[in-house]
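Presented below is the structure to which this report refers.
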Amino acid sequence: MPNLRDILGRKIPAWATELREMVNEHGDTVVSEVTLAQVYRGMRGVKGLLCNTSLVEPEKGLVVRGIPIIELTERLPEEIFFLLLTGDLPDSAALTKLQGEYSERGEVPSYVWDVLEAMPVDSHPMTMLNLAILSMQRESKFKKAYDSGVKKPNYWVSTLEDALDLLARLPEIAAGIYRMRYEKGPRIERDPDLDWGGNFARMLGVGDDDPVFADMIRFYLTIHCDHEGGNVSAFTCHVVNSTLSDLYYAVSAGLNGLAGPLHGLANQECLKFVLCTLERFAGVPDDEQLKEEVWDTLHSGKVIPGYGHSVLRVTDPRFEAFRAFEMKHFPEDPVLRLVSRLFAVVPDVLKEHGKVTSPWPNIDAASGALLYHYGMTEFNYYTVLFAVSRAMGLCAQAVISRGMMEPITRPKSVETSWLSDQI
Ligand code: NMX
Ligand code: MLT
């Protein structure tokens, strides 16, 4: 039965050749222009990056290898990783093979726990996760292969090895952080016969073995998998990977970006906002009170977490998928009811406010309600769950980028005086 390495071994050379021929023949074709405003505004909309794992369409949202995310929500995260990497969903034999790889590689080295235990007890869980990842850098198979002189067309092979090792271990590390950081008792051992998400749910020790909780974790891991190449975590990972740093460096760099409140940390900020509002009004406020609350937040100079997006111009389909899951399983939950009321109120307020390009909710507006419902009330942990999932996209992008033999990323910067000379 072919494994991922065999499958990619057939596909990657063909992808790389196609790209190289296109660049050789049409390298001077102009594909994007840059305005002066875009130089300042975070290169928004500039098409200057290659990413084949997924695409975010402003009016449609995330499309993974041609498939809208909404059609993938019942797939296992392992299937999604396979899809991101190869462009195809695995058949059951290929899925079993990948799950077997995870199972074989899943043991977390004991020094990782030593590192985590040595950290101050109030460390943010994202700091713990990233330090755990970095601590394993010494095991990088890419680093060893590079040092022993492996050739460029084969860089992706040991990068894939690193990706599989890292992804196999992440659920146990992330669950261990949850139990350690919030004093939930000893770590729970993984079950080598369980799937990646099911094992994560088991090791968190939440949800009293409720099968819906495990399904929720699988769903959560599937839906946060990737969001093309330009978001901060993917872009950062790509840049670091392009220096031939190994995946441990590159993924932790990317996830450090995810830990910002304008990116993945927005899920924690959103739940914090919801809980503060529930507390202030001793329950779900009416829409007028809520409007006032949203205006107060805006007037204080803060953003409304979970709303707005740099690319999307519609409600994020991932938000809709979360809401559908929540409405199906626990429609009466007060946190969820407030998330619904915010959805009814915030877009109009943001439109009236007049600053935001897109007033619609993104994934982070809904994801925390689910976790909270299951008793995961420690909202500063939520970005770790996002990170475990997003590591799939970062890893898949990095493997393919190595396969395509992309050079070091190095755009040109300019001075303000140069900009003013262009006017
Ligand atoms: N609340 C208040 N102001 C906002 C919001 C918001 N939710 N969204 C954008 N703005 C402001 C933004 O700060 C900017 O102000 P200024 O001109 O003073 O700098 C202005 O509106 C224009 O920004 P946009 O062009 O609409 O958005 P941009 O592409 O710069 O930023 C986000 C996109 C997602 C960073 C921004 O919408 C935001 O800060 N949202 C809240 C945080 C959030 O939900 N982040 C999660 C994104 C998804 N993820 O998981 O990573
Ligand atoms: C993401 O999932 O990475 C976010 O929606 C942010 C983005 O795409 O810019």
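The values are calculated or read from the model by the stated rules, or taken from the named source; none is laboratory data. Here the structure is a predicted model, which means the values were calculated and not measured. Note that we place each Cβ from the backbone using ideal geometry, even for glycine, and neighbour counts take in every protein chain shown. What goes into the accessible areas is simple: the full protein's heavy atoms, side chains included, and nothing from ligands, DNA or RNA. Shrake-Rupley method; radii C 1.70, N 1.55, O 1.52, S 1.80 Å.
What residue among Val284, Ser103, Val115 has its Cα farthest toward the positive end of the dipole of the chain, where the charges are +1 on Lys, Arg and -1 on Asp, Glu, each on the Cβ? It is Val115, whose Cα lies furthest towards the positive end.
Pairs spanning more than 27 Å between alpha-carbon atoms, out of Lys184/Lys291; Lys272/Lys351; Lys47/Lys291; Lys184/Lys272; Lys11/Lys141: Lys184/Lys291; Lys47/Lys291. Measuring r between the beta carbons of Gln137 and Lys60 and using R0 = 35 Å, the FRET efficiency lands at 0.40.
Look at the alpha carbon pairs under 8 Å that are at least 6 residues apart: their mean separation over the length of the stretch 299-423 gives a relative contact order of 32 percent. Simple rule: put +1 on each Lys or Arg Cβ and -1 on each Asp or Glu Cβ in the chain, find the dipole, and look at Leu371, Leu19, Leu312; the Cα lying farthest toward the positive end is Leu19. A convex hull fitted around the alpha carbon atoms of the stretch 118-176 yields 80 Å³ per residue. Across the stretch 259-268, computed HN-Hα scalar couplings (Karplus, 6.51 cos²θ - 1.76 cosθ + 1.60, θ = phi - 60°) run 6, x, x, 7, 10, x, 5, 4, 5, 5 Hz from first to last residue, x flagging Gly and Pro. Relative contact order for the chain: 23 percent, from Cα pairs under 8 Å spaced at least 6 residues apart, divided by residue count. Over the stretch 114-245, Cα pairs under 8 Å with separation of 6+ residues give a relative contact order of 17 percent. Over the chain, dividing the summed -39,500 (n - 2.57) contributions of all DSSP H runs of at least 4 residues by the number of residues returns a 222 nm mean residue ellipticity of -18500 deg cm²/dmol. Taking Ala163, Ala37, Ala259 in turn, the Gaussian network model of the chain (Cα-Cα springs below 10 Å) assigns the largest fluctuation to Ala37. Taking the Cα atoms of the chain, the ratio Rg/Rh between the radius of gyration and the Kirkwood radius comes to 0.97. For the stretch 225-235, 3J(HN,Hα) computed residue by residue from phi via the Karplus equation (6.51, -1.76, 1.60; θ = phi - 60°) reads 4, 6, 8, 6, x, x, 5, 4, 5, 5, 5 Hz, glycine and proline entered as x. Basic side chains Lys and Arg get +1 at the Cβ, acidic Asp and Glu get -1 at the Cβ, and with that the dipole of the stretch 300-344 about its Cα centre reaches some 140 debye. Projecting label points 7 angstrom from Cα along Cα→Cβ for Ser32 and Lys184 puts them 3.9 nm apart.
Within the stretch 1-56, the GluC sites (Glu not before Pro) that combine a DSSP coil assignment with at most 11 other C-beta atoms in a 10 angstrom radius are Glu33. Dipole check for the chain: with +1 at the C-beta of Lys and Arg, -1 at the C-beta of Asp and Glu, and the Cα centre as origin, the magnitude is about 1040 Debye. What the phi angles of the stretch 338-344 give under the Karplus curve with 6.51, -1.76 and 1.60, with θ = phi - 60°, is a coupling list of 5, 4, 5, 5, 4, 4, 6 Hz, glycine and proline written as x.
The local environment of Phe273, defined by Cβ-Cβ distances under 13 Å, has a net charge of -1 under the rule Lys, Arg +1 and Asp, Glu -1.
When you filter the GluC sites (Glu not before Pro) in the stretch 324-423 for DSSP loop state and at most 12 other Cβ atoms inside 10 Å of their Cβ, you are left with Glu332, Glu415.
Dividing the Cα radius of gyration of the stretch 1-115 by its Kirkwood radius returns 1.08 for Rg/Rh. Just going by the charge dipole of the stretch 1-137, with Lys and Arg at +1 and Asp and Glu at -1 on Cβ, which of Leu49, Ala132, Leu76 is farthest out on the positive end? Selected residue: Leu49. Could you work out the pair-distance distribution P(r) of the stretch 331-391 from its alpha-carbon pairs, with 10 angstrom bin width and percents rounded to whole numbers? In order of increasing distance, the bins hold 20, 41, 31, 8 percent. May I ask for the distance between the Cα centers of the stretch 156-201 and the stretch 1-36, given as a whole number of Å? For the stretch 156-201 versus the stretch 1-36, the Cα centre distance is 32 Å. Comparing mean-square fluctuations of Val356, Val284, Val31 from a GNM of the chain with C-alpha springs under 10 Å, the top value falls on Val31.
Dividing the Cα radius of gyration of the stretch 266-389 by its Kirkwood radius returns 0.93 for Rg/Rh. Find how much the distance from Ser417 to Lys152 grows on full extension, using 0.36 nm per residue of separation minus their present alpha carbon separation; answer in nm with one decimal. Contour length minus the Cα-Cα distance gives 91.4 nm. Restriction of the GluC sites (Glu not before Pro) in the stretch 61-142 to DSSP coil positions whose beta-carbon has at most 14 other beta-carbons within 10 angstrom yields Glu74, Glu107.
Placing +1 on the Cβ of every Lys and Arg and -1 on the Cβ of every Asp and Glu, with nothing else charged, gives the stretch 123-221 a dipole about its Cα centre of roughly 620 debye. The Cβ shell under 9 Å around Thr53 holds other residues with a net charge of -1, Lys and Arg each +1, Asp and Glu each -1. Using a 1.4 Å probe on the protein heavy atoms, what percent of the accessible area of the chain belongs to carbon and sulfur? For the chain, the apolar C and S fraction of the accessible surface comes to 52 percent. Using a Gaussian network model of the chain in which every pair of alpha carbons under 10 angstrom is joined by a spring, one finds that among Lys291, Lys151, Lys141 the greatest mean-square fluctuation is at Lys151. Distance from the alpha carbon centroid of the stretch 202-219 to that of the stretch 386-420 works out to 34 angstrom. The alpha carbon convex hull volume per residue for the stretch 2-65 rounds to 124 Å³.
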